[in-house]
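What follows is a short report on a single structure.
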């Protein structure tokens, strides 16, 4: 039988019953429709089927027989113009992976109703998940598009100089909105092979035999790699080289994501069948499920050196004596869970031969130079034999710092001398990539009769899972920030990170501080009640101010605006019935003596200034921010500036997009290198005179190492501060969030607002609905059950940008906002429910709320 259907006004037919999403992307190369989950849960593959919004991943060519389909490519020219303008103008685009699906759902609504209410917009988008924007600016975009259609207005011409402080539209907003931007999985290469790994059935097994013979003989299979035929492969890992590329016979697996065999085939269909033919003989072993089991005497050693990855000991003053003399003392235990980043784009990488014994790779990570270094070490070759180019990155939040698929794509391409694509399905992504660290925390905090904090004693136990990833630095940040943005000096913080047989935990927005400040902020609420003052007043009395000494000994600089964030929310706090408050502090830059360098080249090519840095844009709008810094410095039109994508052969290493560092650290390098060009222009030269010249600058964020024997060490070059309040209605539902953030100079204010809104919504989920349940170290969750917030659950959010005149001159005074945006939210939600029903919740996600009926004691 031949199935016939109309797609974007053109008739098609096929005799093959095939998944519609695969048909659109692979057969027709309509890649604007994205594959986010393949289970109908995320909405990235939304298409219009006979006037209704549908998920392409749950349709087949059989089901659409005789019907009409419209994809993002099928919009009229007028629609393309309006949606591109509306989504760009309102700042609705961040990583962009969800946006074509959002546009399609919006079109279905606006085709029927060009004057929708906010609730109608939310309902129309309820099937489309976004992890970056917090939905607020997407609502604004749909509303603006409706207004233009309704009034039949011309789309305005965009005019903006792009200087610091202006709302310059994102450089990639249009291509992301219309689905023309290229993510790795959108790339088709002639003769490309497909690779995927066979993994253990249980987290901890002793591998006795891996039989690959039947798989190798399966038609269309090119090769099956195991450790037996690649014994020289070196381990991977950011700081600790403990993560094998392949686990071999006679070895134990450490989690369900360990790779036992890498199968490479001519097609994805053949690949999946061949994987089933790999036979693994094994002995099932008892897993180490949590740190409590890992630290027991006689516990199985997950790694040869033992189960303790890292210990942090911070001691300042005499906290035990101060607490003993305190008028009021709170002592409690807090628990926070594993959570998944759930970035919209699943991991994907392509590797191919590039001349003699070299590789070219397309990836989507948070640092192409980390990938280059780790892959080169794995293969025992020189790094410059691997060229990596970044395509658009569909979200990261820390989850794309580690190797996931890149090393296996590189391995297969290097050995076979053919292009190879390796990608995770959404379920594989959920099962195998790094997570947010769960932590068990004991906090004891004391204050005097006036609420002035006296001392903190805390123990933090972190589950780093099967491999180190960034478990050491995450625990360290949790410890160094555990006392919060408050002016007291007596602390004793002990932290330990343990290996378990759980999925590895790594970097995640907030980098450990999200966890430890949940505990500290909750303790402040109880203390405030004991003193008899408001929770706002408790924080105000202890707030760090310029010239004060932070609990780590660093002197707060003149840009510190924590007090101002508290003052920005006070009126609404005082007037709300059920309101909670949470505050935060987060470093910008790696700090603690770790070399932290931003690098940038500027070259004049064809009459334009090319700004070249490998700093990864993962949705935060980094290229736009760097463009504005360059435009401010050069004092030329933005259309004379070209922002190049990260490429190890063209752009210098600016380090990982992590630690809220890129805007400040690489931003300063951009300012310095463009100032060099400006100096030449100020001498009377033109861009034509500078044609072919290249300039280079770098900025080192110099800090003091941990344990430095100086009274006031500089732990970090900058800190951001924030206060957020969460207001509930009479039914205990989220009503409004006000988030006031000290971001220094907002390079692009609407971009900053979007970061704040996105961080708030992500952590509303962390507070109320998100979890990552494990049974015997085995993940028991799908994308649709992760508990991600949807458009219909989002309350009103007001982002307040706090500015201060005294600014650090670096990068025009900007501070990072990506991580701190998510830190105060969960504690503010905890406090809001404490005020609502007087139940003091110490575990996330919070129990006994309209969002989670689970009993608190569970």
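How long is the gain from residue 417 to residue 296 if the chain were fully straight, where each residue apart is worth 0.36 nm and the alpha carbon distance is subtracted?
On the way: separation 121, 0.36 × 121 = 43.56 nm, distance 4.79 nm.
Taking 0.36 nm per residue and subtracting the Cα distance, the gain is 38.8 nm.
In a solvent-free Debye calculation with one equal scatterer on each Cα, what is log10 I(q)/I(0) for the chain at q = 0.08, 0.09, 0.10 Å⁻¹, listed in the order of the q values? Scattering profile of the chain, log10 relative to I(0): -0.70, -0.90, -1.13.
Output the direction-averaged projected area (hull surface divided by four) of the convex hull of the alpha-carbon atoms of the range 348-499, in nm².
Details: hull surface 46.9 nm².
That works out to 11.7 nm².
Expressed as a fraction of 2.2 N^0.38 Å, the value expected for a compact globular protein of N residues, the C-alpha radius of gyration of the range 80-178 is 1.02.
Quick check: residue separation of residue 214 and residue 785 times 0.36 nm, minus the Cα distance between them. What number comes out in nm?
Working: separation 571, 0.36 × 571 = 205.56 nm, distance 3.59 nm.
So the chain would gain 202.0 nm between residue 214 and residue 785.
Against the empirical curve 2.2 N^0.38 Å, the C-alpha radius of gyration of the range 331-392 lands at a ratio of 1.63. An ellipsoid equivalent to the range 548-652, defined through the eigenvalues of its Cα gyration tensor, has semi-axes of 38, 20, 14 Å when rounded to whole angstrom and sorted largest first. Distance between the modelled labels on residue 192 and residue 729, one decimal in nanometres: 4.7 nm (7 Å Cα→Cβ projection). Over the chain, Cα pairs under 8 Å with separation of 6+ residues give a relative contact order of 14 percent. Based on DSSP H segments of at least four residues, each scored -39500 (n - 2.57), the chain has a per-residue ellipticity at 222 nm of -8000 deg cm²/dmol. For the range 456-535, the Stokes-Einstein estimate of translational diffusion at 4 °C and a viscosity of 1.567 mPa s comes to 95 µm²/s, using the Kirkwood hydrodynamic radius over alpha-carbon pairs. So if we plug the beta-carbon distance of residue 308 and residue 26 into 1/(1 + (r/R0)^6) with R0 = 60 Å, what FRET efficiency do we get, rounded to 0.05? It comes to 0.80. If you take the Cα centroid of the range 351-430 and the Cα centroid of the range 55-70, the two points sit 34 Å apart. Label-to-label distance for residue 637 and residue 182 is 2.7 nm, based on points extended 7 Å past Cα in the beta-carbon direction. For the range 432-468, the residues whose backbone nitrogen is under 16 Å from a point 7 Å from the Cα of residue 331, taken along Cα to Cβ, are 441-447, 455-460. Sort out for me the Cα centre separation of the range 448-478 from the range 786-844, rounded to whole Å. About 19 Å separates the Cα centre of the range 448-478 from the one of the range 786-844. Roughly how many whole Å is it from the C-alpha centroid of the range 5-47 to that of the range 545-619? For the range 5-47 versus the range 545-619, the Cα centre distance is 42 Å. Contact order for the range 597-700, expressed relative to its length and based on alpha carbon pairs under 8 Å spaced 6+ residues apart, stands at 45 percent. Write down Rg/Rh for the range 706-858, rounded to two decimals, with Rg from the C-alpha atoms and Rh from the Kirkwood relation over Cα pairs. So for the range 706-858, dividing Rg by the Kirkwood Rh gives 1.05.
Compared with the direct C-alpha span, the chain from residue 276 to residue 15 gains 91.3 nm at full extension, assuming 0.36 nm per residue.
Sorted largest first, the principal axis extents computed over the alpha-carbon atoms of the range 597-700 equal 40, 25, 25 Å.
Packing, as the average of other Cβ atoms within 10 Å across residues, places the peptides 426-432, 33-39, 267-273 in the order 33-39, 426-432, 267-273, highest first. Hey, with R₀ at 35 Å, roughly what FRET efficiency would residue 736 and residue 533 work out to, going by the Cβ-Cβ distance, to 0.05? Rounded to the nearest 0.05, the efficiency is 0.90. The alpha carbons of the range 520-589 occupy a box of 37, 24, 20 Å along the principal axes, longest dimension given first. The label point for residue 676 and the one for residue 608, both projected 7 Å from the Cα toward the Cβ, are 2.1 nm apart. Over the range 3-159, the reciprocal of the mean inverse Cα-Cα separation, the Kirkwood hydrodynamic radius, stands at 15.8 Å. Applying 1/(1 + (r/R0)^6) with r as the Cβ-Cβ distance of residue 853 and residue 796 and R0 = 35 angstrom yields a FRET efficiency of 0.90. The Rg/Rh ratio of the range 705-772, with both radii computed over alpha carbons and Rh defined as the Kirkwood radius, is 1.13.
In whole percents, the pair-distance distribution calculated for the range 123-217 from its alpha-carbon pairs, binned every 10 Å from zero, is 9, 23, 24, 16, 14, 9, 4, 0.
FYI, it's all coordinate maths here, none of it is from the lab. Keep in mind that what you see is a predicted model, and the values were worked out from it rather than measured. Cβ atoms come from the backbone with ideal geometry, glycine included; neighbour counts cover every protein chain shown.
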